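Taking it in order: structure first as structure tokens, then the write-up.
The values are calculated or read from the model by the stated rules, or taken from the named source; none is laboratory data. All figures in this text were calculated on a predicted structure; none of them were measured in a lab. Methodologically, a virtual Cβ is constructed for each residue, glycine included, from the backbone with ideal geometry; neighbour enumeration extends over all protein chains shown. Remember, those area values only see protein heavy atoms, side chains included, never the ligands or the DNA or RNA. Shrake-Rupley method; radii C 1.70, N 1.55, O 1.52, S 1.80 Å.
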Amino acid sequence: MKPGHGDTDQPTIQIRSLKKIFRVGDERVHALDGVDLDIYPNEFVAIMGASGSGKSTLMNILGCLDQPTRGEYVLNGHPTHKMGMGRLAQVRNQEIGFIFQSFELLSRATAFKNVMLPMLYSKRGVLGSRRRAKKVLGMVGLSDRMTHRPNQLSGGQRQRVAIARALVNEPSILLADEPTGNLDSKTTVEIIDLFKQLHSEGQTIIVVTHEEDVAGHAERIVRLRDGRVISDYSASEDPIHLDWVERMAAGRGNLAEVTAAEIELNSEADSALLEERGAEPKGRSIFARKGR
Amino acid sequence: MLRMLLSPIGMVRRLIWQSVFLAIGQVWANKFRAVLTALGIIIGVGSVTIVAAGLDGMQGFVLNEFDKFGARKMWVWGDIPEDKEEVMSYSDVKMSVYEARLILQYAPSIESLSPLTYGGWDVGYGKTMAKGARITGIWDTWHDIEDRQVVLGRPFSKADNEEKHQVCLINEQAIEDLKLSIDPTGDYLLVGGRRFLIVGVIETKEASGMFGGGQSRVEVYMPFNTLKMMNPYSGTHFVLETISADASEAAQDEIRFILRNHRNLDPEEADTFDMFVLQSEIENFNKVARVIGMIVGAIVFVSLIVGGVGIMNIMLVSVSERTREIGLRKAVGAKPFVVLLQFLVEAVVLCLFGGAIGLLIGFGIVAGVGLIPNLPINEFEIPQWALWLSVGFSALVGIVFGMFPAIKASMLNPIDALRHE
């Protein structure tokens with residue numbers, strides 16, 4: 001089982017053989033090719049992978065912004081793959097807080113108005129909504145910036161407004177798609193610290209990133225390649241991450257470098273894939289657990 | 001309070017208000033574009049108000065003219081049928097007092113009747129003479145039918161007629177023209193060489209130009225029998241009042257029946273009398289006014305449709321301009337219905353905005369035209385129905401032409417909308 005969780009815990013997210021197929025002309029692109037994943041309450045998960053590995057597609061499906069072509073996605077016991085547009089909107093409103101790489105704030109509205117937005121579509125009353133928006137803006141440290149518009153705020157402040165907006169309806173999961181992709185290293189640290197603080201307060205967080213240093217702050221790192229999960233370790237055991245930490249410590253830091261650990265993992269995944277296509281029955285990939 | 005806001009109805013109401021504020025903000029942010037977009041609606045609504053005001057004013061004017069006459073009034077006179085012109089004279093078809101009594105007795109739709117007869121004598125007082133005075137012989141019932149105030153003295157009584165008193169009523173114009181004293185009651189007027197006691201003065205009422213009146217002139221009224229005694233050969237006709245404006249059809253049938261019966265006319269013979277009923281003229285006029293109104297309405301309808309297409313176009317632009325915003329709203333939980341509502345409300349607000357400007361322009365023009373004197377139009381102002389019609393129509397155009405863009409926005413997939421550039 002996952003680190004820090006007993007067998008009785010009901011997973012927040014359960015994904016089974018999830019597939020997403022895009023049609024590009026006559027070609028069919030398997031963005032997700034049978035993903036199985038369980039995420040438990042109060043986990044802090046980083047989803048990593050090269051571009052085109054399907055991590056953003058997975059994130060969009062987790063956030064109910066997109067629907068899988070095939071497979072099951074059960075969120076808090078509700079099968080989202082069976083829901084219609086209206087019900088999905090309600091799930092996005094109540095269960096999910098989504099943070100975008102490009103913030104996606106309404107440029108005409110103040111920080112306060114932006115945070116109020118999700119509550120416009122919830123059942124919360126007007127006065128309660130205002131109180132809640134103020135409280136959440138305080139939580140992300142923007143009490144003094146409530147009347148500022150996004151163009152009057154720095155990148156880090158904008159992302160904090162977006163985080164406040166994601167948190168305002170007390171979602172069961174917080175999803176962040178490259179939340180620090182548009183930020184400099186100093187503000188990246190601020191945002192990561194904010195995530196860690198939220199995590200320590202009990203928030204379940206899933207972050208998509210391609211930066212090892214961001215992933216290092218998570219508890220668990222899930223790596224995707226070609227629409228499949230190729231590794232799923234706790235951050236302290238992930239060989240690629242450990243290798244990266246070692247190299248950084250030794251001053252050989254090069255993010256683009258393909259390390260021996262990565263090559264090993266990739267070849268393992270490839271052979272397992274061949275094996276599976278041969279005789280292996282479908283189900284949870286065994287190689288993901290290797291090294292445990 | 002909290003419970004009310006939590007209830008679904010409260011939420012829908014909140015949503016609508018939110019959408020309205022949002023839409024007003026949107027229109028305000030693009031003022032110039034909004035005006036250009038709504039131009040079709042502005043022109044449509046402006047023209048409908050102006051035309052409605054004109055039509056309504058003209059109708060009011062004409063009906064007012066009719067009203068001066070009295071909508072319940074009708075006239076009956078003897079008339080020689082065309083095929084009998086060589087065998088009959090006017091004395092053969094003249095109305096008689098006996099017929100008047102028959103009508104009063106047997107026509108339930110008739111409230112009141114007075115025979116009328118005219119004399120052509122000169123009227124004099126002292127050395128002053130009035131030429132071309134209208135001298136009319138009437139019953140006392142005339143006062144019930146004609147809406148003419150007795151400003152001095154008394155009206156006629158039944159006895160005046162029955163005992164053929166040599167009394168007369170004059171109009172105010174006569175005081176002026178004949179240089180009578182301010183209160184001439186008790187003075188004597190010379191009519192056809194006889195002295196008539198002035199018993200009362202009635203107001204001068206200008207017959208409208210529409211019915212061949214125009215200038216007011218000296219009028220002298222005397223009891224019917226008195227005038228008949230002076231000139232038994234004068235013509236006679238009736239003025240009548242029906243019990244209600246709607247009874248005019250029935251009244252005509254009753255009178256025709258009574259008179260034909262009394263005059264022993266065979267079924268194949270034509271009427272030897274004729275009638276004029278104001279009510280049927282009013283109905284004819286209203287019919288014409290309705291047709292004009294329908295033609296104008298059709299033109300305005302077309303202009304509003306053209307305006308609506310403009311609205312639809314700009315709403316489609318607005319939807320694709322704000323695709324990312326729609327995507328975000330959906331991502332944070334806006335249901336398709338809510339997005340639909342937002343864009344629909346925006347289209348309606350845009351149309352109502354155009355409608356309001358159109359109304360303002362209409363009001364301005366109407367107020368300006370209203371300053372022109374002597375218009376054949378009564379109270380040139382925008383009638384309330386036109387106001388509601390144009391407001392309702394603008395809203396309807398907004399809903400109809402905003403529906404397609406709104407549906408388009410509501411059906412967007414959130415992630416596709418968010419990725420839209």
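Miscellaneous remarks
- Accessible-area composition of chain A, carbon plus sulfur, in percent [1.4 Å probe]: 50 percent
- Heavy-atom accessible area, 1.4 Å probe, ligands and nucleic acids excluded: residues of the range A:83-104 down by at least 50 Å² from chain alone: A:Met85, A:Arg92, A:Glu104
- Here each label is just a point 7 Å from Cα along the line to Cβ, and for B:Lys31 and B:Ala395 those points are 2.7 nm apart.
- Accessible area in square angstrom per residue, the protein assembly as shown, 1.4 angstrom probe: 49 Å²
- Cβ-Cβ FRET estimate between B:Ile243 and B:Leu360, R0 fixed at 41 Å, reported to 0.05: 0.35
- Close amide H partners of B:Leu152, meaning residues 5 or more places away or on another chain with modelled amide H under 5 Å apart, are B:Val201.
- For the range B:141-149, the Karplus equation 6.51 cos²θ - 1.76 cosθ + 1.60, evaluated at θ = phi - 60°, returns couplings of 5, 3, 4, 6, 7, 8, 8, 10, 6 Hz by residue, with Gly and Pro reported as x.
- Here the range B:275-421 has 74 percent of its accessible surface on carbon and sulfur atoms, given a 1.4 Å probe and all protein chains in place.
- Heavy-atom accessible area, 1.4 Å probe, ligands and nucleic acids excluded: residues of the range B:404-421 down by at least 30 Å² from chain alone: B:Pro414, B:Ile415, B:Leu418, B:Arg419
- Within chain B, helix-based [θ] at 222 nm, where runs of 4 or more DSSP H residues each add -39,500 (n - 2.57), nearest 500: -18500 deg cm²/dmol
- Karplus-derived 3J(HN,Hα), 6.51/-1.76/1.60, for each residue of the range A:189-204, Hz, glycine and proline x: 4, 4, 5, 4, 4, 4, 4, 5, 5, 4, 4, 5, 8, x, 7, 7
- Converting the Cα gyration tensor eigenvalues of the protein assembly as shown into ellipsoid dimensions via √(5λ) gives semi-axes, longest first, of 98, 26, 20 Å.
- Fluctuation leader among B:Ser89, B:Ser47, B:Ser114 - chain B, Gaussian network, Cα springs under 10 angstrom: B:Ser89
- Straight Cα distances below 23 angstrom link B:Lys31 to the lysines A:Lys113, with same-chain residues fewer than 8 positions distant left out.
- Annotation: amide H-H contacts under 5 Å for A:Asp33 (H modelled 1.01 Å from N, sequence separation of 5 or more, or interchain): A:Lys20, A:Arg228.
- Three-way shape call for the range B:118-240 based on the alpha-carbon gyration tensor, with the a/c threshold at 1.5: rounded
- Taken about its Cα centre, chain B carries a charge dipole of about 2760 debye when Lys and Arg each add +1 at the Cβ and Asp and Glu each add -1 at the Cβ.
- For the range B:225-365, diffusion coefficient by Stokes-Einstein and Kirkwood Rh (Cα), 37 °C, 0.692 mPa s, µm²/s: 145 µm²/s
- Label zone of B:Arg263 (point 7 Å out along Cα→Cβ, amide N under 13 Å): in the range B:45-84 this covers B:76-84.
- Association of chains A and B removes close to 2500 square angstrom of accessible area from solvent, both sides included, for a probe radius of 1.4 Å.
- Dimensionless Rg/Rh of the range B:84-174 - Kirkwood Rh, Rg from C-alpha atoms: 1.03
- For the residue pairs B:Lys68/B:Lys228; A:Lys55/A:Lys196; A:Lys19/B:Lys408; A:Lys55/B:Lys330, alpha carbon separations beyond 24 Å are given by B:Lys68/B:Lys228; A:Lys19/B:Lys408.
- Here r is the Cβ-Cβ distance between B:Glu283 and B:Asp416 and R0 is 45 Å; the resulting FRET efficiency, rounded to 0.05, is 0.10.
- Label zone at B:Ile299, where the point sits 7 Å out along the Cα-to-Cβ direction: the range B:14-52 residues whose backbone N lies under 15 Å: B:43-52
- Percent carbon-and-sulfur accessible area, the range B:118-240, ignoring ligands, DNA and RNA, probe 1.4 Å: 47 percent
- Between A:Arg23 and A:Val189, the FRET efficiency estimated from the beta carbon spacing at R0 = 45 angstrom works out to 0.65.
- Span from the the range A:230-247 Cα centroid across to the the range A:138-203 one, whole angstrom: 26 Å
- Full-extension gain in nm, A:Lys113 to A:Thr69, via 0.36 nm per residue minus C-alpha separation: 12.3 nm
- Prolate/oblate/rounded call for the range A:20-118, Cα gyration tensor, a/c under 1.5 rounded: prolate
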